[in-house]
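In what follows, a structure is listed as structure tokens, so that the remarks can point back to it.
The values are calculated or read from the model by the stated rules, or taken from the named source; none is laboratory data. Since the model is a prediction, treat every value here as computed from it, not as a measurement. Positions of Cβ are backbone-derived with ideal geometry, glycine not excepted, and every protein chain shown enters the neighbour counts.
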Amino acid sequence: MKKCQLASVLFLVLIVSSFNSNAQSESPILGVWYNTEKTAQIQIMNTGDQYLGKIIWLDNPHKDGAPVLDNANEKKELRSRPIMGLTILEGLKYEDGIWKNGRIYDPNSGKTYSCEVKLKGKEKLEVKGYLGFSWLGKTVEWTKVEK
């Protein structure tokens, strides 16, 4: 009987701690962010152990009645895809207060860069794109979209 009670208590402790760790693991970078120019909104989501970001809003989503396309892409076969819904941020993994080892695509230049992201307060993200060494990159600031 005591073994059954002990097993029940251990099971209950595991369940409660599981719920607690899930609540605490909600990442502060999840949500919708304006790019620097506030011409696009990017939704950052978690896909297991990685984070990605998709464009979900553009201030000017149509040009002459047609969707804005990925015209600057270095790969000709991708130039006909719409910017709206495009995944521009992928592969980020959280480590020591920074989301690292990701890639960011810049639709304006058509180039993809290595990327890392730092949270600056609750409302700002510092997004750095770089080639090779992170200290050689460019850092921009994204702002959280108010709900």
Item to check | Matching residues, region 83-94, being surrounded by 15 or more Cβ atoms within 10 Å (Cβ to Cβ) and touching an Asp or Glu at 6+ places or on another chain (Cβ under 9 Å) | outcome: 83, 86, 88, 92, 94
Item to check | Every residue from region 129-142 that is more than 14 Å from residue 53 (Cβ to Cβ) and either hydroxyl-bearing (Ser, Thr, Tyr) or assigned to a strand (DSSP E or B) (or both) | outcome: 130, 134, 138, 139, 141
Checklist entry - Could you list, in sequence order, the residues of region 95-117 that are crowded, with 17+ Cβ neighbours inside 10 Å and not in a strand (DSSP E or B)? => result 107
Checklist entry - Considering 116, 146, which residue is touching a strand residue (DSSP E or B) at 6+ places or on another chain (Cβ under 9 Å) and not β-branched (Val, Ile, Thr)? => result 116
Item to check | Residues that are under 15 Å from residue 102 (Cβ atoms) and modelled with pLDDT under 95, drawn from region 48-85 | outcome: 48, 49
Next on the checklist: Against the definition (of a type in the set (S, T, N, Q), within 26 Å of residue 135 (Cα to Cα), touching a Pro at 6+ places or on another chain (Cβ under 9 Å) and surrounded by 14 or more Cβ atoms within 10 Å (Cβ to Cβ)), how does residue 35 come out, yes or no?
Outcome noted: no
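Being within 14 Å of residue 34 (Cβ to Cβ) and either surrounded by fewer than 16 Cβ atoms within 10 Å (Cβ to Cβ) or among the hydroxyl-bearing types (Ser, Thr, Tyr) (or both) is the filter here, so list the residues in region 127-142 that pass it.
Answer for region 127-142, where residues must be within 14 Å of residue 34 (Cβ to Cβ) and either surrounded by fewer than 16 Cβ atoms within 10 Å (Cβ to Cβ) or among the hydroxyl-bearing types (Ser, Thr, Tyr) (or both): 140, 141.
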Checklist outcome for this item: Going through region 32-53 in order, the residues found to be in contact (Cβ under 8 Å) with a residue 40 or more places away in the chain and outside any strand (DSSP E or B) are 35, 36, 38, 49, 50
